[in-house]
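Below is one structure, written out as structure tokens; comments come after it.
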Amino acid sequence: MTSLARLRLAVVLLSAFGPSLASAQGLRNDDEDITQTVARVSYIQGNVAYARGDDPDQWQSADQNVPMTFGDRVYTDDGSMELQLEGGGVIRLGSRTDLTALNLSDDIKQFAVKAGISSFAIPSLGRNETFEVDTPNAAVTFEGPGRYRIDVDESGETRVSVRRGNATIAAGGGQVALSAGEAMTIEGTDQPRFEVVSLPGPDRWDVWVDAREDRVSRTRSHQYVSSDVVGADDLDEYGSWESLPEYGRVWRPLSVEVGWAPYRSGRWFWQDPWGWTWISTEPWGWAPYHYGRWVFSSARWYWVPVSPEVRAVRYSPALVAFVGGGPSFGASASFGGGAVGWFPLAPRDPLVPWWGRRPEVNVNVTNVTYVNQTYVTVVNQSTFVSGALVSTAVIQERSTIRQAAQAPVVVGAVPIAPTVSSTRVSVRHESSAGRPPAAVVSRSVVTRMAPPPAPPRFEQKLAVIRENRGVPVSSAASSRIASANNPQPRAVIPVRPATSETGSVKLAPRDNSSGNAKRVESVTTGQRPLARVERPAANTPLEVPPAPTRPGIVPPQHSDAAPDSKRQRDGVDAPPPQSARPRPETDRPQAATPLPQHGRPDGLNAPVRGEPPPQSRDRSNPVIQTPTTHAPERGDSPRSELRPSPSDRRPGQDKKEKEQDPKRRGEQERRPSPSPTPSP
């Protein structure tokens, strides 16, 4: 037997006979090809419109907890909103602001702001991470952690303010460095002129942003959750932290109805390259549904978070296991008839993702006991596919629930193709939010980095999804579909390169006699390809790592935690899952049918994304009820309850150590220690 065959056999045995151990060790796929990521729509006030990248002409009303990704666009008509990024970054938009995600991946964040006011709180940047914001006449690159503000007025002129950090502004073939405490105004496009002044005092918008940052800085939940988990700042207000002997500190939602269960208050939504994605209607419904696991104890549901020691956490569209759908869905013929079921995964349950690269071999995972399968939620397939609310359509028939609780778990892709209704970002069918004005829509933006080509339209991808039986379209496949219809790559919106065709520098101070000390240099090539006049958009999609030459197991993601709890984290001496029940021979998950290209993820050593280690720590937790503040309209006065300016750094948001520049890491501020506050 070859070493490769022995490795495959070892992984099969580990998955089949030791799921608890495999889960506790946090095994990951080493063939993971998704570098694309999302930004959470975490706060909406007023009317906000949303357009998907694969349906750019269809504007809808935005909803909270929608995952915004590459190609998507928002417009804050008379409202305001917040977007939370992985790693702790937050984007805040004032009224009449137009923002597009030109690129959104692990290492590249590239946004376009065509109009309005926006603030960016960046707690950390990895060594290989790039953050760029493009406006109608300048490309702004954030050179490190900090607080930045960008204003684009009605005529398209740009003003960049650096409260903390450093930025580089590129336009007209030249670039200028901007430091903390400085503001820069850029006028014109063909012959851009700039002026640098000292940063003025805070206005109404700055005060509102400070109040929102203050809310984050006072969050107690960061003590119990990994800094990579988005949405932990909502947990204080809507739940309480308690202790379970087996899991340590766990979170319980408050004010839920009798019979409530996870993954019922919300709906299913299709988003490539992940496919079926859960959108919760609960205001706190992000962190507990995209990270961590759920346990049922003492007639209550508890969320087991990802430990603060874990520094490598990735977004998942949902952490559930699917059952149902009839014989073609891998379930028994007795349960089906168009029904679809799912249940939340417990801490030691193996997760076999329905997204990602196809494995080299099929997997037959056997003898797996799923702790929460008795709490399965079942709806008919039309409810699932249409994006309708689940809570009003749950099937209550006992025989159907019993069959679903005994049905095999789906391995790999969920073979249900989406429809146009599956792509709606809101349950409201009519958008009450206004679209951006024609003058704003027609604007192009200046880019320093070459953005990836725009994604194809949904109807172009749908044929591929159907052919591949529900497999999501990867970034690489999306690029191939788009290029087949448009050989010349184009970005999501019209872009113009910050470099000039002749290499000349046209950017200059507005008043040379003023003794402006800022030096103008030619736009330099960084670690990313520059946008060029002959090719403003890149040829390739979001960065995709090369396929591995051989399968393997990535070291446990908990290896950087404290030594005193290592035996528990590795599954050694850990107690068995609660409510474990024997499963008959006929009640085993079946291997999925081999799928064509784009395939499904590896079930051998499927990663348990967001898998928390069992913890024995017990810490006190004063819970704080923090009122939500509302963004002021331009010219309005801030509300009297707004707090003073907080620390400029979000607590607990250190970047992954393996990706962070040690020198830059040392320059970051320490997290402030919150003062004790009694529970209300």
So which of W260, W286, W294, W268 ends up being modelled with pLDDT of 95 or more, over 20 Å from S42 (Cα atoms), buried (at least 24 other Cβ atoms within 10 Å of the Cβ) and touching a strand residue (DSSP E or B) at 6+ places or on another chain (Cβ under 8 Å)? W294
Which count do you get for residues in the range 411-435 that are open to solvent by less than 20 Å² (accessible area, probe 1.4 Å), of a type in the set (V, I, T) and either more than 22 Å from the chain's Cα centre (by Cα) or at pLDDT below 85 (or both)? 2
Any chance R218 is touching a residue at least 60 places away in the same chain (Cβ under 8 Å), open to solvent by 10 Å² or more (accessible area, probe 1.4 Å) and either in contact with a Pro (Cβ under 6 Å, 6 or more places away or on another chain) or at negative phi (or both): yes
Here is a check on your reading of the model: is E237 of a type in the set (D, E), touching a residue at least 24 places away in the same chain (Cβ under 8 Å) and not in a loop (DSSP other than H, G, I, E, B)? yes
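Suppose the filter is surrounded by fewer than 21 Cβ atoms within 10 Å (Cβ to Cβ), out of contact with any Leu (no Cβ under 8 Å at 6 or more places or on another chain) and within 19 Å of D511 (Cβ to Cβ); does G188 pass it?
On the way: surrounded by fewer than 21 Cβ atoms within 10 Å (Cβ to Cβ): yes; out of contact with any Leu (no Cβ under 8 Å at 6 or more places or on another chain): yes; within 19 Å of D511 (Cβ to Cβ): yes.
Yes, satisfied.
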Of all residues making up the range 316-354, the number that are at pLDDT 90 or above, touching a Lys or Arg at 6+ places or on another chain (Cβ under 8 Å) and part of a loop (DSSP other than H, G, I, E, B): 8
Cβ-Cβ distance below 8 Å, separation of 6 or more or different chains: which pairs start in the range 297-320 with a residue that is of a type in the set (V, I, T) and end on one that is open to solvent by less than 20 Å² (accessible area, probe 1.4 Å) and in a strand (DSSP E or B)? V304/V250; V304/R293; V304/W294; V304/V295; V320/W278; V320/W342; V320/F343; V320/P344
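Take the range 478-503 and flag every residue that is of a type in the set (G, A, S) and either within 23 Å of S442 (Cα to Cα) or surrounded by 22 or more Cβ atoms within 10 Å (Cβ to Cβ) (or both).
Listed by number, the residues that qualify are S478, S479, A482, A491, A498, S500.
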Residue count, the range 164-193, condition closer than 11 Å to V520 by Cβ and among the hydrophobic types (A, V, I, L, M, F, W, C), comes to 5
Out of curiosity, is N166 open to solvent by 40 Å² or more (accessible area, probe 1.4 Å) and closer than 17 Å to K518 by Cα? yes
Which number in (1) within 22 Å of Q271 (Cα to Cα); (2) open to solvent by less than 10 Å² (accessible area, probe 1.4 Å); (3) touching a Ser or Thr at 6+ places or on another chain (Cβ under 8 Å) marks the one condition that D106 misses? (2)
Matching residues in the range 260-307 (under 30 Å from Q460 (Cα atoms), of a type in the set (V, I, T) and part of a strand (DSSP E or B)) number 2
Quick one: is V313 surrounded by 22 or more Cβ atoms within 10 Å (Cβ to Cβ), out of contact with any Asp or Glu (no Cβ under 6 Å at 6 or more places or on another chain), part of a loop (DSSP other than H, G, I, E, B) and not aromatic (F, W, Y)? no
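Table: residues versus (1) of a type outside the set (S, T, Y); (2) open to solvent by 10 Å² or more (accessible area, probe 1.4 Å); (3) touching a Lys or Arg at 6+ places or on another chain (Cβ under 8 Å).
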residue	(1), (2), (3)
L83	yes, no, yes
V90	yes, no, yes
L102	yes, no, no
F111	yes, no, no
L125	yes, no, yes
N128	yes, yes, no
E143	yes, yes, no
R147	yes, yes, yes
E157	yes, yes, no
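Of all residues in the range 297-308, how many are open to solvent by less than 10 Å² (accessible area, probe 1.4 Å) and not aliphatic (A, V, I, L, M)?
3
The values are calculated or read from the model by the stated rules, or taken from the named source; none is laboratory data. Computed from a predicted structure; not experimentally measured. Every residue, glycine among them, receives a Cβ derived from its backbone with ideal geometry; neighbour counts consider all protein chains shown. Remember, those area values only see protein heavy atoms, side chains included, never the ligands or the DNA or RNA. Shrake-Rupley method; radii C 1.70, N 1.55, O 1.52, S 1.80 Å.
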